[in-house]
Amino acid sequence: MAGALAGYRVLEFASLGPGPFCGMMLADHGAEVIVAYRPGGAPDPRDPVFRSRKLVEIDIKTPEGRAQALELAATCDAVIEGYRPGVMERAGLGPDDLLAVNPRLVYGRMTGWGQFGPLAPTAGHDINYIAISGALGSFGRAGERPVAPLNLVGDYGGGGMMLAFGIVTALLHASRTGEGQVIDCAMTDGSAALMALIWGARATWGWKDERGVNMLDTGAHFYETYETSDGLHVSFGPIEPQFYKTALGLLGLADDPDFAAQMDQARWPRLKEKLAEVFRTRTRDEWTLVFEGADACFAPVLSLDEAYAHPHNVARGTFSEIEGVRQPSPAPRLSRTPAAAPQRPSAL
């Protein structure tokens, strides 16, 4: 396969969510990723998260399966596993076991709570992990309960993406030193790291530890979504003064004195009401034409199918279709080692 990771081999012990997403990221960029499934547990090949992989059946609960996994791990550069702490050790496939047969191996461990800590042995999901990291408590409108941002912040951003980053950095270290190592990737840690901007905002520009009252959390009138006359929505985010001025002009509000003090938080609720009234006077697509080509930080809020067909996304090839299944294309884009077109996983 093409890609910056061509020549690397990864053994992925089948799991849910963030583990497969990490494997997808590595496979998208050229790594040979072999997914070991328990008998009868292979995925639906239409699922993009499992694309560009080789699938094998290994029952790691049997001596034969353990031997097969050890033999395969000896030929790999990295391993991905997403079980609760202790599961792989009990199967005889923990870090010590695999590093004994392959000292250069990068052993990536994906969990919600991490390998240690009071919650480590307990069950949980994305919504729980981002709850204790402080992320979930920051998502939502003022006076309302927290809103889970799908499972993107814990499972995928703080989990799978963070593990992919950890594996690549550890592979760089192994290439220099010949030393493998273990990656303890916890979604609690990863989602906390994604909140670095907000921790910085608290320290430097007065971010309040409340939902829906700050500039980036729907508190500000100039960083918000608005409903249009057809019941659809637009995103509006002109933070910088020059973009704010342009946006107000396009909305017919350039001479409205209420909007002069952009950063006066006491005015934000009333200004949101006024903007909501203005945006309800036209359809989403009519507003899109008004703002087209302007530096006003505006975009229509699109459905998945609309996003697939948007001219900008089409021009960049942001989405692909594999055997009738629409899905996001590999990202990010590398100039010298671009990712190959993704493919469905191999036959088992």
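Just so you know, all these numbers are worked out from the coordinates, no wet-lab data involved. Everything numeric here is computed off the predicted structure, so don't read it as measured data. Quick reminder, even Gly has a Cβ in these numbers, built from the backbone with ideal geometry, and neighbours come from all protein chains shown.
Things worth noting here:
- Distance between modelled label sites at ALA261 and ALA196, nm, 7 Å Cα→Cβ extension: 3.6
- Of the GluC sites (Glu not before Pro) found in the stretch 260-294, those in coil by DSSP whose Cβ has at most 16 other Cβ atoms within 10 Å are GLU292.
- Nearest-20 debye value, the stretch 224-301 charge dipole, Cβ charges on Lys, Arg, Asp, Glu: 140
- DSSP beta bridges confined to the chain are antiparallel in about 35 percent of cases.
- Taken about its Cα centre, the stretch 159-214 carries a charge dipole of about 200 debye when Lys and Arg each add +1 at the Cβ and Asp and Glu each add -1 at the Cβ.
- Of the complete DSSP H runs in the chain, those spanning 18 angstrom or more by Cα along the long axis with a mean Kyte-Doolittle score not below -0.5 are 162-177.
- Taken about its Cα centre, the chain carries a charge dipole of about 440 debye when Lys and Arg each add +1 at the Cβ and Asp and Glu each add -1 at the Cβ.
- Legend: translational diffusion of the stretch 1-46 by Stokes-Einstein, Rh = Kirkwood radius over C-alpha pairs, 25 °C, 0.890 mPa s; D = 222 µm²/s.
- Kirkwood-Stokes translational diffusion coefficient of the stretch 127-257, alpha-carbon pairs, 10 °C, 1.306 mPa s, µm²/s: 90
- Kirkwood Rh, angstrom, the chain [1 / mean 1/r, Cα pairs]: 22.8
- Inverse of mean 1/r across different Cα pairs in the stretch 224-301, Kirkwood, Å: 12.5
- Computed lengthening from ASP230 to ARG344, 0.36 nm per intervening residue step minus Cα-Cα distance: 37.2 nm
- Value of relative contact order over the stretch 224-301, rounded to a whole percent, pairs C-alpha under 8 Å and six or more apart: 52
- Think of the stretch 224-301 as having a plus end and a minus end, set by charges on the Cβ of Lys, Arg, Asp and Glu; of ALA294, GLY237, MET263, MET263 sits farthest toward the positive end of this dipole.
- Averaged over residues, the count of other Cβ atoms within 10 Å places the peptides 87-97, 262-272 in the sequence 87-97, 262-272, highest first.
- Packing-based order for 104-114, 244-254, using average beta carbon neighbours within 10 Å, highest first: 104-114, 244-254
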